[in-house]
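First the structure, in the form of structure tokens, and then the observations on it.
The values are calculated or read from the model by the stated rules, or taken from the named source; none is laboratory data. This one's a predicted model, so the numbers in the text were calculated from it and none came from an experiment. Heads up, the Cβs are rebuilt from the backbone with ideal geometry, glycines too, and the neighbour counts pull from every protein chain shown.
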Amino acid sequence: MKFTELDFTPEVLEGLDAMRFEDTTPVQELTIPVIKTGKDLIACAQTGTGKTAAYLLPVLDRIVRDKPEGCNTLILVPTRELALQIDQQIEGFGYFLPVTSLPVFGGNDKKLWDQQKTALTQGANIIVSTPGRMIQHLTMGYVDFSTISHFILDEADRMLDMGFNEDIMQIESHLPKKRQNLLFSATFPPKIRTLAKNLLTDPEEVNIAISKPAEGILQAAYVVYEAQKDPLIVDLLKDKELQSIIIFVGRKARVNDITRMLRRNDFNARAIHSDLDQNERIEVLREFKNRNVQILVATDIVARGIDIENIDLVINYDVPGDAADYVHRIGRTARAKTTGVGITFVSETDQADFHQIEQLIESTIYKVPLPPEYDEAPEYNPQKNRKFNKKGKGGGKGKKPFKKKSPPKDKK
């Protein structure tokens, strides 16, 4: 379907044309008409399918038509990175529109706090906020949400995973009863249904390819010992013409170690995790998006919602503990109908979790043999290794799980 078929105002269509948006994605085609009717909606679609535009465009269209005063739309998101990204998309779509917006997220910067306070008291049209920061502003008593017409939860499952359920309900208590509620989620577990029941009224429901990786992603896995991961990354990446790579690591304590290892091997790598302050994280992402950094080593802080185009390769250094997070991680590549590669390193302790991922996506992921110069890999047997002692990572049965050394040179 063409966006021109959706009865948007000329101003919105002008913004779409400037951004070169012509054809809708499936989630946009199914949700935009529903949103334009004013009904509540719960939409379940994988990352990278165009969910943000699906709710932003009809909201912007309504603001242009009605010219409301005060805060009209509140969007809650799990991370500051997603808040910034959505605000950037509002700026893009709304370039020709008389619409104001502001991202609201945490930090110790007083100037940032004052800027957020001003936007909330003067009534920016669209507020994109993390739950925790919004609670802080609400407790100060100056936030007036009596004019809110749209309440949107993006990446709702992630917010619940992060423990924001009570914050969401507390924020909702400050909103007018008469409003449109839109809930977008990449997965649809029972806790999301409970949240939807508490917030939404007789909602329409849209499901698009729930919990399945995009078709353009070539998926593969290496069964390895822990000590084989670092040399394997180096061997996989050396002499490859890859411009943009993300390596996801389960623990932020390891992110800096892996980044330093890559730099020692002459790779252009940067780290991003929650210990960096906001300005540092923005700067790292900007450098990565601009292709000034080849490899981004990250925790799951960027697994959801960060829209970076043309990612060539995603490597899961560790198997995520939540099977749904696997979809979000490798969903950073093959976005917008492109292609990409997702590779996962599966150690003995991770085999049961990886098997759950295969069950979730209803597909067996190809296990690539290790290069011949490596020691023997562990057996892939998820049932056998389900109760493997995590303190025993990196060997088992007396093996030395290191890359074999090169043969000694002949003495002259």
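Restricting to the range 265-279, count the residues that are closer than 18 Å to Q88 by Cα and either in the same structural domain as G106 (by TED's automatic domain parsing) or surrounded by 13 or more Cβ atoms within 10 Å (Cβ to Cβ) (or both).
Adding up the residues that qualify gives 1.
Would a scan of the range 199-212 turn up a residue that is modelled with pLDDT under 95, of a type in the set (G, A, S), surrounded by fewer than 20 Cβ atoms within 10 Å (Cβ to Cβ) and in contact with a Gly (Cβ under 7 Å, 6 or more places away or on another chain)?
The answer is no, given that none of the residues of the range 199-212 is modelled with pLDDT under 95, of a type in the set (G, A, S), surrounded by fewer than 20 Cβ atoms within 10 Å (Cβ to Cβ) and in contact with a Gly (Cβ under 7 Å, 6 or more places away or on another chain).
If T52 satisfies every condition in (1) at pLDDT 95 or above; (2) part of a helix (DSSP H, G or I); (3) within 22 Å of L285 (Cβ to Cβ) but one, which is the exception?
Against the list (1) at pLDDT 95 or above; (2) part of a helix (DSSP H, G or I); (3) within 22 Å of L285 (Cβ to Cβ), T52 comes up short only on (1).
Kindly list the number of the only condition in (1) in contact (Cβ under 8 Å) with a residue 40 or more places away in the chain; (2) more than 26 Å from the chain's Cα centre (by Cα) that fails for E5.
If we test E5 against (1) in contact (Cβ under 8 Å) with a residue 40 or more places away in the chain; (2) more than 26 Å from the chain's Cα centre (by Cα), just (1) comes out false.
Restricting to the range 243-285, count the residues that are touching a His at 6+ places or on another chain (Cβ under 9 Å) and in contact (Cβ under 8 Å) with a residue 60 or more places away in the chain.
2
Could you say whether any residue in the range 82-105 is surrounded by 23 or more Cβ atoms within 10 Å (Cβ to Cβ), touching a Ser or Thr at 6+ places or on another chain (Cβ under 6 Å) and not in a helix (DSSP H, G or I)?
yes
Sort out for me the helices (runs of 4 or more DSSP H) sitting completely within the range 149-228 that have 1 or more residues that are over 22 Å from the mean Cα position of the chain (by Cα) and within 23 Å of T31 (Cβ to Cβ).
The qualifying helices (runs of 4 or more DSSP H) are 165-172, 190-199.
Pick from A196, A119, A156: which is in the same structural domain as K51 (by TED's automatic domain parsing), over 23 Å from V34 (Cβ atoms), touching a strand residue (DSSP E or B) at 6+ places or on another chain (Cβ under 6 Å) and modelled with pLDDT under 95?
Working: A196 fails: over 23 Å from V34 (Cβ atoms); A156 fails: over 23 Å from V34 (Cβ atoms).
The match here is A119.
Can you name every residue in the range 31-49 that is modelled with pLDDT under 90 and not hydroxyl-bearing (S, T, Y)?
Within the range 31-49, C44, A45, Q46, G48 qualify.
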